[in-house]
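Mind having a look at this structure? Questions to follow.
Nothing in this text is a laboratory measurement; each read-out follows from the coordinates by a stated rule. Here the structure is a predicted model, which means the values were calculated and not measured. Cβ placement follows ideal geometry from the backbone for every residue including glycine, while neighbour counts extend to all protein chains displayed.
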Amino acid sequence: MRLCIDTVAYSNFRRGHPAAVDSIDSARHLVMPSIVLGELRAGFRAGHRRERNESELAAFLAEPVVEVATVDDDVARIYGELWAALRSAGTPIPTNDVWIAAVTLRAGATLLTFDRHFEKVTRLGVHILDA
């Protein structure tokens, strides 16, 4: 399975949440959006274990099944489409999550998350875990 992971999924994986660990460990390919890296690193700076968190993230990103996906023109186009569709439907979601959804769609992956608001993105394949 090709999974894209959001910030909450990665955080729960690091905390040992069984469903997150099982899903991530069983994936053949993991996509980490650069947007998620930004959110994680912002959180690391606000916390007390910055060096440890950065080290664990670096080890995770070095795994051969992990790909960092950046924003390119295709992702920006998809973002615009998603943002407009969500706005028209009256179902906006946080801006960074629209970017994460766009990266996931561009990567042809399923999004692993704990956030139900991703269900509002009708084009998106989502695997929602229970907290």
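Contour minus end-to-end for H127 and L61, with contour as 0.36 nm per residue of separation and end-to-end as the Cα-Cα distance?
Roughly 21.6 nm would be gained on extension.
A follow-up question, please. When the helices in the chain are scored as -39500 (n - 2.57) per DSSP H run of 4 or longer and the sum is shared across all residues, what 222 nm value do you end up with, to the nearest 500 deg cm²/dmol?
It comes out at -17000 deg cm²/dmol, rounded to the nearest 500.
Then there's this: What net charge is computed for the residues neighbouring L82, neighbours being all others with C-beta under 12 Å from the C-beta of L82, Lys and Arg scored +1, Asp and Glu -1?
Overall, the nearby charge balance is +3.
OK, next. Which is the longest part of the chain that has none of the trypsin sites (Lys or Arg not before Pro) sitting in a DSSP loop with at most 14 other Cβ atoms within 10 Å?
Within the chain, the longest run free of exposed trypsin sites (Lys or Arg not before Pro) spans 50-122.
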